[in-house]
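Engineer: This is the structure I want to talk about, given as structure tokens.
Read-outs throughout are calculated quantities, based only on the coordinates presented, and are distinct from any laboratory measurement. Small disclaimer: the values here were computed from a predicted structure and weren't measured. Cβ sites come from the backbone with ideal geometry, for glycine too, and all protein chains shown count toward neighbours.
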Amino acid sequence: DQQVKQNSPSLSVQEGRISILNCDYTNSMFDYFLWYKKYPAEGPTFLISISSIKDKNEDGRFTVFLNKSAKHLSLHIVPSQPGDSAVYFCAARANTGNQFYFGTGTSLTVIP
Amino acid sequence: EPEVTQTPSHQVTQMGQEVILRCVPISNHLYFYWYRQILGQKVEFLVSFYNNEISEKSEIFDDQFSVERPDGSNFTLKIRSTKLEDSAMYFCASTPRTGFTHTQYFGPGTRLTVL
């Protein structure tokens, strides 16, 4: 039962260009969405979040877009830097509790 | 900057043995969680803990699992009789007392290998 899906297991982008990571979800009860970044041998690190009442949240180079009607969110990184190379997880929380559901992750490689 | 710590970083055990994974959440945090990630798969929620009791658990968190906050700083996950399929990375996480309670701060994980 995969309620949060990241259909692209990997993505390669040139340094300076935009990286777009996508995430789809099925549960309309999700009220909060988050992106985490994970380096090898480390735990996920919170990156940016968005409430279901918004459609965009921006923090520096990172912007998250939410399209509720399509049950889709995306993370834009611009400009991409080599240090952004990591696995990015999309996660969501249902308004019925405090459980978080994660996608399978997208491995981003930013090529210098 | 405060961080969540986990020990050990790697635990190797024989099938059927009990293991205890330890976590020290950030001190003023409110909720505590355990997740696991089987190699190559998604991060899966196991359990959340609030006010000294389990608040939610997934279907993975069966009778062989238990959690405890024995002393106000440590948060432990016990697996009573390990199986081969318990081999995974186990992550502890906590959320702040104030501010973004929906934001979780993760520890570096414990890699559990069951032989």
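Engineer: If I model chain B as equal point scatterers sitting on the Cα atoms and use the Debye formula, what is log10 I(q)/I(0) at q = 0.11 Å⁻¹?
Structural biologist: With no solvent term, the Cα-only Debye profile gives -0.32.
Engineer: Averaged across A:99-112, how many Cβ atoms of other chains sit within 10 Å of each residue's Cβ atom?
Structural biologist: Working: counts 9, 9, 5, 7, 2, 5, 5, 0, 0, 0, 0, 0, 0, 0.
Other-chain Cβ atoms within 10 Å of each residue's Cβ, averaged: 3.
Engineer: What translational diffusion coefficient, in µm²/s and rounded to a whole number, does the Stokes-Einstein relation yield for region A:1-73 at 25 °C and a viscosity of 0.890 mPa s, taking the hydrodynamic radius as the Kirkwood radius over Cα pairs?
Structural biologist: Values: Rh = 13.6 Å.
The calculation lands on 181 µm²/s.
Engineer: Let me ask another. Mind pulling up the Rg/Rh value for region B:1-69? Radius of gyration and Kirkwood radius, both on Cα. It would help to have the intermediate numbers written out before the result.
Structural biologist: Details: Rg = 13.1 Å, Rh = 13.7 Å.
On the Cα set of region B:1-69, Rg over Rh gives 0.96.
Engineer: Quick one: which residues, 5 or more positions from residue A:107 or on another chain, have an amide H under 5 Å from its amide H? H modelled 1.01 Å from N in the peptide plane, none for Pro or chain starts.
Structural biologist: Hits under the 5 Å cutoff: A:10, A:11, A:88.
Engineer: Extent of region A:42-106 along each principal axis, from alpha carbon coordinates, in Å, largest to smallest?
Structural biologist: Between the extreme Cα coordinates on each principal axis of region A:42-106 lie 38, 26, 18 Å.
Engineer: Further question on the same structure: Measuring from centroid to centroid over Cα atoms, what is the spacing of region A:1-68 and region B:24-65 in Å?
Structural biologist: Cα centroid to Cα centroid, the span is 21 Å.
Engineer: Could you sort the peptides A:83-95, A:30-42, B:48-60 by per-residue average Cβ neighbour count (10 Å cutoff), highest mean leading? Walk me through the numbers before you get to the answer.
Structural biologist: On the way: A:83-95: 20.1, A:30-42: 18.3, B:48-60: 14.1.
Packing proxy ranking, top to bottom: A:83-95, A:30-42, B:48-60.
Engineer: Principal axes first, then extents: for the Cα atoms of the protein assembly as shown, list largest minus smallest coordinate on each axis, whole Å, largest first.
Structural biologist: 49, 36, 35
Engineer: Mind listing the long-range amide H neighbours of residue A:31? Cut-off is under 5 Å, sequence gap 5 or more, other chains count too, H placed in the peptide plane at 1.01 Å from N.
Structural biologist: Amide H to amide H, under 5 Å and 5 or more residues apart or across chains, residue A:31 pairs with A:93, A:94, A:95.
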